[in-house]
Amino acid sequence: MQLEYGITDRADVYVGVPWGEGKYVGTESHFYTDENGVVHTSKLDDGRYHSAFGDLTLGFQYRLDWGNWAVTPFAAYTTPSNNYDYHGHAAIGVYQNSFEIGFNAARVLAPPLDRMYVEFGYGYSFLEGFAGVHPRRSTFTGDLGYLVSDRFSLRLFAVGQKTHGG
């Protein structure tokens, strides 16, 4: 779920929280060691579905026009929305604060392909440290779409991530 509010015709703020549902089917449960050195088996990896709200995201974006392109810089803060269990293959999130800055760029193609659009984006995230490691992450997105009608579109999209330093 995501709710966006347009402050102006170019700027908006948004808040989002996903509903996650995970189930682990396999032979090896996830093991983790707590702060006291005790090894535990994940309660999530029991072959049943586990559901919860994931991480809350608060963000701001502003659209700039650059020729035929709409370029939208953004900044977003993400934090756990509740005290969900994150130890296990079926975890619905990583239970970690992060701050991301980046941009998206999009345009509608020229005739006769004016029912098609292309969009790509890049985000750089600063993640909360864990065990002395402070990773960062680059996220790349791409989207090619075709508007079949005013109410129906076809999309091909891809997302990739690269972790830096952790």
Among the numbered conditions (1) open to solvent by 40 Å² or more (accessible area, probe 1.4 Å); (2) among the β-branched types (Val, Ile, Thr); (3) in contact with a Phe, Trp or Tyr (Cβ under 7 Å, 6 or more places away or on another chain), tell me where Val133 comes up short. (3)
Being open to solvent by less than 60 Å² (accessible area, probe 1.4 Å) and touching a residue at least 40 places away in the same chain (Cβ under 8 Å) is the filter here; which residues of segment 5-23 pass it? Ala11, Asp12, Val13, Tyr14, Val15, Gly16, Val17, Gly20, Gly22
Of the listed residues (Phe74, Phe60, Phe53), the one being out of contact with any Lys or Arg (no Cβ under 8 Å at 6 or more places or on another chain), surrounded by fewer than 16 Cβ atoms within 10 Å (Cβ to Cβ) and among the aromatic types (Phe, Trp, Tyr) is Phe60
Keeping to segment 54-89, report how many residues are within 11 Å of Ala105 (Cβ to Cβ), part of a loop (DSSP other than H, G, I, E, B) and aromatic (Phe, Trp, Tyr). 0
Any residue in segment 68-95 that's within 22 Å of Val118 (Cα to Cα): show its pairings with residues that are among the basic types (Lys, Arg) and in a strand (DSSP E or B) at Cβ separation under 7 Å, as long as the two are six or more apart or on different chains. Asn68/Arg107; Trp69/Arg107; Ala70/Arg107
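The values are calculated or read from the model by the stated rules, or taken from the named source; none is laboratory data. Please read all numbers here as calculations on a predicted model, not as lab measurements. Cβ sites come from the backbone with ideal geometry, for glycine too, and all protein chains shown count toward neighbours. We work out accessible area using only protein heavy atoms, side chains counted, and drop any ligands, DNA or RNA first. Shrake-Rupley method; radii C 1.70, N 1.55, O 1.52, S 1.80 Å.
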